[in-house]
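Data first, discussion second: the structure below is written as structure tokens.
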Amino acid sequence: MFLIFCIHYWICFQAAKLRIFAGIYNSIFHPLKIRIFASKFKQMILFPNAKINLGLNIVRRRPDGYHDIETVMVPTGWCDVLEIVPAAPGESTTLTCTGRPVDCPPESNLVMKAFRAVQAVCPDMPQARISLRKIVPDGAGLGGGSADAAFTTTGLNTRFGLGLTPEAMA
């Protein structure tokens, strides 16, 4: 029980540091809600949240290399910070990562893979400058990379008005 309390305290502390870093304080925090902040400068800032698996069953490996799973998970207040800004005319899409080190080149990052997947469905989508501030550690089973990719897809759909349905984004 003490260990669970310590983990909870540490996660809350990290979330508080993130809120201070991002200059955002939300006293009514709801981790399941996608929080989008847009400004007159056409930027979009998203906060992909981590999760903790309380139970996980890998059902099968699919032909595409991914797995079908059954899980019980709890979202946490621990978030990465993802910013999507339209690229300047003639500029290609870029991904800049700060914060915790990410051990892969930008094109192999799940955020760029999500961008490329959306671009394949919507070839007229504008290019973007994407910034990712990693707070959630990679490979810790907290779903940070997956959340970053999911929020990228949703953010691109919202930011550029692509009109993709939830089924098309899945």
Requested in this report: Give the number of residues within segment 42-56 that are over 16 Å from GLY139 (Cα atoms) and surrounded by 13 or more Cβ atoms within 10 Å (Cβ to Cβ).
Outcome: 5
**Report entry** Residues that are of a type outside the set (Val, Ile, Thr), open to solvent by less than 20 Å² (accessible area, probe 1.4 Å) and part of a helix (DSSP H, G or I), drawn from segment 105-148
**Finding:** MET112, ALA114, PHE115, GLY144, ALA147, ASP148
Requested in this report: Tell me, yes or no, whether segment 79-97 has at least one residue that is among the aliphatic types (A, V, I, L, M), within 16 Å of ASN49 (Cα to Cα) and out of contact with any strand residue (DSSP E or B) (no Cβ under 9 Å at 6 or more places or on another chain).
Outcome: no
Requested in this report: Could you please find all residues in segment 35-51 being out of contact with any helix residue (DSSP H, G or I) (no Cβ under 6 Å at 6 or more places or on another chain) and modelled with pLDDT under 90?
Outcome: ARG35, ILE36, PHE37, ALA38, SER39, LYS40, PHE41, LYS42, GLN43
**Report entry** Some residue of segment 65-85 being among the polar types (S, T, N, Q), assigned to a loop (DSSP other than H, G, I, E, B), under 27 Å from THR158 (Cα atoms) and open to solvent by less than 40 Å² (accessible area, probe 1.4 Å)
**Finding:** no
Query raised in the report: Of all the residues that make up segment 108-156, how many are more than 28 Å from ASN53 (Cα to Cα) and of a type in the set (Asp, Glu)?
Result: 1
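The values are calculated or read from the model by the stated rules, or taken from the named source; none is laboratory data. Keep in mind that what you see is a predicted model, and the values were worked out from it rather than measured. Cβ atoms come from the backbone with ideal geometry, glycine included; neighbour counts cover every protein chain shown. Just the protein is used for accessible areas: all its heavy atoms, side chains included, with ligands, DNA and RNA removed. Shrake-Rupley method; radii C 1.70, N 1.55, O 1.52, S 1.80 Å.
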